[in-house]
Amino acid sequence: MEVTVYSPAKSIKNERVFKVIVIGDSNVGKTTLTYRFCEGTFLTTTEATIGTDYRSKTLNLDGEVIKLQLWDTAGQERFRSSIMRSYYRNADAVILVYDVTNPATFASLEKWIHEFTSQCAPNVTKLLIGNKCDNDIKVSTNQAQKFADQYDMPLFETSAKLDSHCDHVESIFLTLAHKLKNRKPLIPEERELVKLRAKVVEDTTQSSWCSCF
Ligand code: GDP
Ligand code: MG
């Protein structure tokens, strides 16, 4: 497999752009993981990302230019249903993150799954990451694997903090890029269904939009 990483600032013709949203409870390491992948280092302060909608990374996978737009919730995950809707719109992939040292963040995954399945396309690519493996692990691999199998998504356990896991974080995102590259486009009926769903969600939630967003 040939992989070349371009500078994100360069605009490249014929690139395929994929919107990837990173969700999960606050503090599980979503920002740190996306930063680790895009910048290659551990983020020591998360303040730098506040106000940022997304980070991108452009890859050359076997001759095809793939741009991953990684949407980070910048703290807004606390508002869940109302503000998070703009993140789900047109997402090609969802990365679900939990903290392996905090079982409550694992227990929340059902709610996150429920939320994105009601708003994303049926063929959205899913991936589960158990982060902070450098610490005291309280969610077993066995338990997490069963959950991942139940929802038909691959599981990766990693650490955004340890430099020794840097290649692992990179390979997780590369796996995702490959899955997206090989994905079949939606058939017309599926596209209509997605539009319809988005409309129903908009109609039922107009009053809950927050003006501070
Ligand atoms: P977010 O709210 O999900 O975006 O989480 P952040 O990326 O802001 O991370 C929350 C806290 O967990 C920060 O203090 C990070 O430094 C820390 N953190 C993130 N990833 C790891 C990891 O892999 N291991 C450890 N030990 N801490 C991490
Ligand atoms: Mg964050």
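Quick note: the coordinates plus some simple rules give every number you see, no bench work behind them. This is a predicted model, so every value here is computed, not measured. Please note: Cβ atoms are built from the backbone with ideal geometry, for glycine as well, and neighbour counts cover all protein chains shown.
Collect residues whose amide H, placed 1.01 Å from N in the peptide plane, falls under 5 Å from the amide H of Leu127; neighbours closer than 5 in sequence don't count.
The answer is Val94, Leu96.
Summing Lys, Arg as +1 and Asp, Glu as -1, what charge do residues with Cβ under 13 Å from the Cβ of Ala160 carry, Ala160 excluded?
Combined, the nearby Lys, Arg, Asp and Glu give -4.
How much net charge surrounds Gln150 when only the other residues with a Cβ under 14 Å from the Cβ of Gln150 are counted, with Lys and Arg +1 and Asp and Glu -1?
Working: positive: Lys126, Lys146; negative: Glu110, Asp149, Asp152.
Cβ neighbours under 14 Å give a net charge of -1.
For Lys19, Lys111, what ranking results if the residue with the fewest other Cβ atoms within 10 Å of its Cβ goes first?
Fewest-to-most ranking of Lys19, Lys111: Lys111, Lys19.
Could you put Ile21, Ile137 in order, starting from the residue whose Cβ has the fewest other Cβ atoms within 10 Å?
Ile137, Ile21
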